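Peer 1: Questions regarding the structure given below will be posed in turn.
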Amino acid sequence: MSFILFEIKDGLALITLNRPDKLNAFNKDMALDFQNKLDECSSAEVRAVYITGAGKGFSAGQDLAEVMDPNGPGLKHVVSEHYNPIVSKIRRLEKPVVAAVNGVAAGAGANIALCCDIVVAARSASFIQAFSKIGLVPDSGGTFYLPRLIGWQKASALMMLGDKVSADEAERIGMIYKVFNDDEFKEASLQIARTLSQMPTRGLAFTKKALDWSISHTLDEQLTNEDVLQQRAADTADFKEGAKAFLEKRTPVFVGK
Ligand code: T3D
């Protein structure tokens, strides 16, 4: 059985974390396969990525049985070799990545979702910074993204107390973009990813880069960055098509170039 299901359809890469009996907790094979599939997403054929979980959970984070196994990969390697590359690959991918959180997202599972470009959740889903409950430190970029998403105080409390945050609350505090009722979640979340996969891919990649750069630059630097990226966007075929279609009062057809 493959721990990661992967399919590319009409420009959209669908990645499903697939250990449903363990709430898609990450073991080594799953983490490494996830990295491989993220690499495959850099092919020109892929214009957006959709990540979700099989069964009732999104991901319960690190497989705790594996990490306690004396023959397992060992705590020393898990963060640097499993989670850090996953987060880096998602951020460096020049495509929009949607996390479709179908159920509980805990520990590294929560923080991998939160580093994606757009995070949506089913109403029954929840987010737990589970690390503190077992004496660990939030990883997978959680200490970077969570305070930026919801503010220092709430992030600090959630990371120390390990409270379960409902999908509705996560939307209310700005941790995620949107919640959908369970029965419409799959179609509604896929529709967001499908829409992205038909949009100007280069422009979206530059937007992602600009947002990432904004974290570590001053306003003056960022104004220059926006200028540089805008020149590059203006050079794309999709911009030319977008502007032409607007003037011709027709729907644009973007090709991702
Ligand atoms: O080296 C390092 O470890 C550093 C890296 C750290 C990264 C991390 O992610 S640390 C955080 C690890 N995750 C957790 O601490 C969460 C543990 N899980 C839970 O607290 C609960 O399972 C949930 C709150 C997420 C969901 O609860 P519930 O009641 O809906 O489900 P459950 O019954 O607890 O779980 C269902 C099954 O999944 C169960 O298996 P079983 O008994 O039916 O065979 C359970 O043991 C298994 N499972 C859930 N989470 C994990 C897991 N098995 C291994 N590892 C897990 N993380």
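The values are calculated or read from the model by the stated rules, or taken from the named source; none is laboratory data. Only a predicted model underlies this, so the values are computations on that prediction, with no experimental measurement involved. Positions of Cβ are generated from backbone atoms using ideal geometry, with glycine treated the same way; all protein chains shown enter the neighbour counts.
Peer 1: May I ask you to list the residues in region 121-137 that are surrounded by fewer than 20 Cβ atoms within 10 Å (Cβ to Cβ) and either more than 10 Å from the ligand (Cβ to nearest atom) or over 17 Å from Ala155 (Cβ atoms) (or both)?
Peer 2: If the condition is that a residue be surrounded by fewer than 20 Cβ atoms within 10 Å (Cβ to Cβ) and either more than 10 Å from the ligand (Cβ to nearest atom) or over 17 Å from Ala155 (Cβ atoms) (or both), then Arg123, Ser124, Ile134, Gly135 are the ones that fit.
Peer 1: Something else about it: Do we find a residue being polar (S, T, N, Q), crowded, with 20+ Cβ neighbours inside 10 Å and touching a residue at least 12 places away in the same chain (Cβ under 8 Å) anywhere in region 79-89?
Peer 2: Start the filter on region 79-89 by keeping residues that are polar (S, T, N, Q), which leaves 80, 84, 88.
Among the residues that remain, those that are also crowded, with 20+ Cβ neighbours inside 10 Å are: none.
So far as region 79-89 goes, no, none of its residues is polar (S, T, N, Q), crowded, with 20+ Cβ neighbours inside 10 Å and touching a residue at least 12 places away in the same chain (Cβ under 8 Å).
Peer 1: Which residue is surrounded by the fewest Cβ atoms within 10 Å (Cβ to Cβ), if the candidates are limited to region 98-120 and must be free of Cβ contacts under 8 Å to residues at least 60 places away in the same chain and more than 10 Å from the ligand (Cβ to nearest atom)?
Peer 2: Ranking the candidates gives Cys115 first.
Peer 1: Being near the ligand (Cβ under 10 Å from one of its atoms) and of a type in the set (S, T, N, Q) is the filter here; which residues of region 48-79 pass it? Walk me through it before giving the result.
Peer 2: We begin by selecting, within region 48-79, every residue near the ligand (Cβ under 10 Å from one of its atoms); these are 55-68, 72-79.
Matches in region 48-79: Ser59, Gln62.
Peer 1: Against the condition surrounded by fewer than 22 Cβ atoms within 10 Å (Cβ to Cβ), more than 10 Å from the ligand (Cβ to nearest atom), part of a helix (DSSP H, G or I) and at pLDDT 95 or above, how does Asp21 come out, does it pass? Walk me through how you get there before you give the answer.
Peer 2: On the way: surrounded by fewer than 22 Cβ atoms within 10 Å (Cβ to Cβ): yes; more than 10 Å from the ligand (Cβ to nearest atom): no; part of a helix (DSSP H, G or I): yes; at pLDDT 95 or above: yes.
So Asp21 fails the test.
Peer 1: Then there's this: Under 8 Å by Cβ, and 6 or more places apart or on different chains, what pairs join a residue from region 53-65 that is modelled with pLDDT of 95 or more and part of a loop (DSSP other than H, G, I, E, B) with one that is within 6 Å of the ligand (Cβ to nearest atom) and among the basic types (Lys, Arg)?
Peer 2: Ala60/Lys22; Asp63/Lys22
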